[in-house]
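S.K.: I'd like to ask some things about the structure below.
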Amino acid sequence: MEALLLSVGLLLGAYVLVYYNLVKGPPCRGIASLRGRTAVVTGANSGIGKMTALELARRGARVVLACRSRERGEAAAFDLRQESGNNEVIFMALDLASLASVRAFATAFLSSEPRLDILIHNAGISSCGRTREPFNLLLRVNHIGPFLLTYLLLPRLKTCAPSRVVVVSSAAHRRGRLDFTRLDRPVVGWRQELRAYADSKLANVLFARELATQLEGTGVTCYAAHPGPVNSELFLRHVPGWLRPLLRPVAWLVLRAPRGGAQTPLYCALQEGIEPLSGRYFANCHVEEVPPAARDDRAAHRLWEASRRLAGLGPGEGAESDEDPQPEDPSSPSSPHPEEPTASELHPSPQSSPDLSKVMCRILVKAEPELQTS
């Protein structure tokens, strides 16, 4: 009996050591007050995004929850207002799988919100599920959508500088290998999904690197953040139902809670003095070195140009003006209605990429968009 108790004690002691040294991440101790500042957090209706938004709201920021599901997004906004005591938490609809939805969100945001100080790209997917699109859905949601959103919001970020962009990446970027000849090919099967997920996380790291180069001297800094191994919806979302009851206890024991996963993104968004590290990759609230593929400046620039094309941006377009786009007559047949973004929207070819100002003018501006999401 004594031997059994000793064994249990040793196991518990070993678990505590492993948890507090390898699993539990260090807390973010960034600035205490964000009053007067505005933050956008994508995918903030649950998990890491919700905990990130909660901490920003507790510090007094006006927080915009950019989520695909209206029902879940509004419920999360209500929860966060109650828990933080901050009534400046609102929901705005955003479906990163739809370029039209990204543009509609940007237009509505620029029309209704005078500030943008922090942009956190938290939303992402790890699998295509049962969805079959004529493009790489993992790359679209995890990289192209965030790229386009950042591009459209850059003028406001520059106006409000010093400001920050945080891209939530993953240690999976180390397994990534971008093939620019097949960048947007559809993904079929779990093996391709694993590869495409790693590639999209590598794209996140390269995007932050190139964005830092593009924004040098503007007062806007950007960072790639690894939240660590987190017990979130993303972990179990695509696991077969029969396997979930077996994995939940394991996940609870060896993975971080979403609050712990939010600490490094918060660190990148709030920590003073890290501006010289713009473009770098952070994990456990510390800058971390990345493999050669993730610090290849030529690949980062090539990805930037490919992302512009896949996002439907013309080769000569810039994001230098902070003038809000003017709405076109909503009766115009060419105006995509913001209430009906399509997740299956095809990306334009580089030959037919529309002028950004014309695209923006064709989007109906609403101070409170009524996007219907699922």
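S.K.: Hey, does segment 176-187 have a residue that's closer than 27 Å to Q263 by Cβ, of a type outside the set (A, V, I, L, M) and more than 19 Å from the chain's Cα centre (by Cα)?
M.R.: No, segment 176-187 has no match at all.
S.K.: Sticking with this structure for a sec: Does A225 satisfy the condition of being in contact with a Ser or Thr (Cβ under 6 Å, 6 or more places away or on another chain) and either part of a loop (DSSP other than H, G, I, E, B) or modelled with pLDDT of 95 or more (or both)? Lay out the reasoning, then the answer.
M.R.: On the way: in contact with a Ser or Thr (Cβ under 6 Å, 6 or more places away or on another chain): yes; either part of a loop (DSSP other than H, G, I, E, B) or modelled with pLDDT of 95 or more (or both): yes.
Yes; evaluated as a whole, the condition is true for this residue.
S.K.: I've got another one for you. Can you tell which of L148, L137 is closer than 25 Å to S46 by Cα and touching a Cys at 6+ places or on another chain (Cβ under 7 Å)?
M.R.: Values: L148 fails: touching a Cys at 6+ places or on another chain (Cβ under 7 Å).
One residue alone meets the criteria, L137.
S.K.: Also, I was wondering about something else. Under 7 Å between Cβ atoms, which residue pairs at least 6 apart in sequence (or on different chains) link something in segment 299-315 that is crowded, with 22+ Cβ neighbours inside 10 Å with a partner that is at pLDDT below 95 and in a loop (DSSP other than H, G, I, E, B)?
M.R.: Filtered contacts from segment 299-315: L310/D184; L310/H347; G312/H347; G312/P348; G312/S353; G312/P354; L313/S353.
S.K.: Taking the condition of being of a type outside the set (S, T, Y) and open to solvent by less than 30 Å² (accessible area, probe 1.4 Å), how many residues in segment 262-290 meet it?
M.R.: Quick first cut of segment 262-290, residues of a type outside the set (S, T, Y) only: 262-263, 265-266, 268-277, 279-280, 282-290.
Among the residues that remain, those that are also open to solvent by less than 30 Å² (accessible area, probe 1.4 Å) are: 262-263, 265-266, 268-270, 274, 279, 282-283, 285, 290.
Number satisfying all stated conditions: 13.
S.K.: Looking at segment 185-207, is at least one residue among the hydrophobic types (A, V, I, L, M, F, W, C), closer than 27 Å to D297 by Cβ, open to solvent by 20 Å² or more (accessible area, probe 1.4 Å) and at pLDDT 95 or above?
M.R.: no
S.K.: Would you kindly identify the strands (runs of 3 or more DSSP E) lying entirely within segment 55-162 that contain at least 3 residues that are closer than 22 Å to T221 by Cα and open to solvent by less than 30 Å² (accessible area, probe 1.4 Å)?
M.R.: Details: elements: 62-67, 89-93, 118-121.
It comes to 62-67, 118-121.
S.K.: Mind checking which pairs have a first residue in segment 119-140 that is among the polar types (S, T, N, Q) and a second that is open to solvent by less than 30 Å² (accessible area, probe 1.4 Å) and in a strand (DSSP E or B), Cβ under 6 Å, 6 or more apart or different chains?
M.R.: Matching pairs, first to second residue: N122/V41; N122/T42; N122/V168.
S.K.: What do you reckon, is G241 over 27 Å from L139 (Cβ atoms), modelled with pLDDT of 65 or more and out of contact with any helix residue (DSSP H, G or I) (no Cβ under 9 Å at 6 or more places or on another chain)? Steps first, please.
M.R.: Working: over 27 Å from L139 (Cβ atoms): yes; modelled with pLDDT of 65 or more: no; out of contact with any helix residue (DSSP H, G or I) (no Cβ under 9 Å at 6 or more places or on another chain): yes.
So G241 fails the test.
The values are calculated or read from the model by the stated rules, or taken from the named source; none is laboratory data. Everything quoted here is computed from the prediction, not taken from an experiment. Don't worry about glycine lacking a Cβ; one is built from the backbone with ideal geometry, like all the others, and counts go over all protein chains shown. Accessible surface areas use protein heavy atoms only, side chains included; no ligands, DNA or RNA. Shrake-Rupley method; radii C 1.70, N 1.55, O 1.52, S 1.80 Å.
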